[in-house]
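Below is one structure, written out as structure tokens; the observations come after it.
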Ligand SMILES: C[S@@+](CC[C@H](N)C(=O)[O-])C[C@H]1O[C@@H](n2cnc3c(N)ncnc32)[C@H](O)[C@@H]1O
């Protein structure tokens, strides 16, 4: 059996000493060196897909820019942020059209806010079917099963399917249609009156949740245990429907594990270390977007925001001139970062905070500018400090990195001298953990498409000679590496999953074990079906409630080749 170990770095610098030429296939046992353009990369993203409207490519020669490694001019580290931060009079560059996510129109002159309707709706009638709008219609219905994604349950009215939010299975409710027409295949609706409540229903602790209000949480009206039950139902259904697996066949004990201790009904965990606030164009106050809407629900506090975010007091300030404010509170360090997005043509306003905080801004070309302090935060997890720059991807729940690393290592049981792949590796979390376990006789190759994340990963794992990080899409780079086998694989793909082609390539590498980290149960189940076609089956599956109060959760599946299966 031919066995190409992932190449080792020279250990001297850069971790790419053995890479091939730019854009050319690497030799066997080597990894093709990705095309490192002169143009700096758009930094990694805040979501699993590696991009959001809040992060953007850096342009060549763009001022003001902090060199990689958090060093200022002359190679000196940037001064630590000071307690009182004042920035101002920085003109937002460019004058083009607003990007997605930014307010569409220039800020109107400040005027007293008109009174809002009791339940403002942003009717979004689906395009295509035509017909008479049904928005605002009310029906009495019985709520059926929870559906995958969106935090809604399924109901029927006169034969038509309704996706209902703010409801629970088994309840009898009055719903109000929020989207759809007489010709729509299905309607969207909110439960606005609960006639027969389910036993897991609670009084929502957050005053901003509910029909037509903040879209950040889906299940404020559900007890913590009830939320996990809903997640269990979603995962069970997706495994059955898309992978043809029962929980037992998937190696799953049928639970979604609470993280950070069990909560009582009404208790809200403050887990969100990154919060993306939208600025209300009229008042300059921040809020959160309503569900499937660009409308802003003003808030004076987000209950699921981590203390490090809440203490910044974002909600109490006037952010006139900005489209959005992203707040990041690192775990295990005191680093706090604000990423500001000015409205087109607006000055960056004066920002005064009593807490030490770094400030960056994103311009209309989606370019990232350091304004004050660092352009990165330092996160602590799995025995290391992780630099995460420009709002790039990092798990949001403070206990997520440790929880997932532990599940991956327990499942894979890496042995000294083994070779491993960390696919979609971000800033190198799993690569670092694997490298410690396979030791200097083993090797780890990380692949990640975000250039900024790759720079961070190389920085974070610089002292590990058995790790190499390469930048490209997994589906593009992996076939070019010439690697024909490996012992272990971790893959943590974006929400869409890895897909059939990538899975087919992975099963050909004859790994002893594969750890699949998934944030979308449907994508996981689809990919498990592709793995099954290639002779791999899950031997264990764990699900973690890493996004309490929302419908999201994270899974770690461990796969092994079916005994005797020839691929
Ligand atoms: C869910 S994150 C996982 C990051 C890392 N494993 C962690 O836990 O911090 C997914 C990562 O995949 C990257 N990504 C998205 N599509 C990719 C692709 N086609 N090839 C390689 N990386 C990709 C994103 O930039 C992001 O960093």
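Values in this text are rule-based calculations from the coordinates and carry no lab data. From a predicted model like this one, the values you see are computed outputs, not experimental measurements. Here the Cβ positions follow ideal geometry from the backbone for every residue, glycine too, while neighbour counts run over all protein chains shown.
List of remarks:
- Residue ranges 154-162, 289-297 sort as 289-297, 154-162 when ordered by packing (mean number of other C-beta atoms within 10 Å per residue, highest first).
- Cut-off 16 Å, label 7 Å out along Cα→Cβ of residue 510, residues of the stretch 472-496 by amide N: 482-489
- Counted residue by residue at 0.36 nm each, then reduced by the alpha carbon distance between them, the extension gain from residue 317 to residue 283 reaches 11.2 nm.
- Cβ-Cβ FRET estimate between residue 249 and residue 463, R0 fixed at 25 Å, reported to 0.05: 0.05
- Residue ranges 554-560, 142-148 sort as 554-560, 142-148 when ordered by packing (mean number of other C-beta atoms within 10 Å per residue, highest first).
- In this label model, residue 158 and residue 186 are separated by 2.0 nm, measuring between points 7 Å along each Cα→Cβ vector.
- For the stretch 393-561: rounded, prolate or oblate by the Cα gyration tensor [a/c cutoff 1.5]: rounded
- Spin-label model, residue 529 to residue 193: label points 7 Å out along the Cα-to-beta-carbon direction sit 4.2 nm apart.
- Computed FRET value (nearest 0.05) for residue 267 with residue 476, which takes r as the C-beta separation and R₀ as 41 Å: 0.35
- Placing a pseudo-label 7 Å from each Cα along the Cα-to-Cβ vector at residue 241 and residue 257 gives an inter-label distance of 2.7 nm.
- From least to most packed, judged by other beta carbons within 10 angstrom and beginning with the fewest, 402, 475 follow the order 475, 402.
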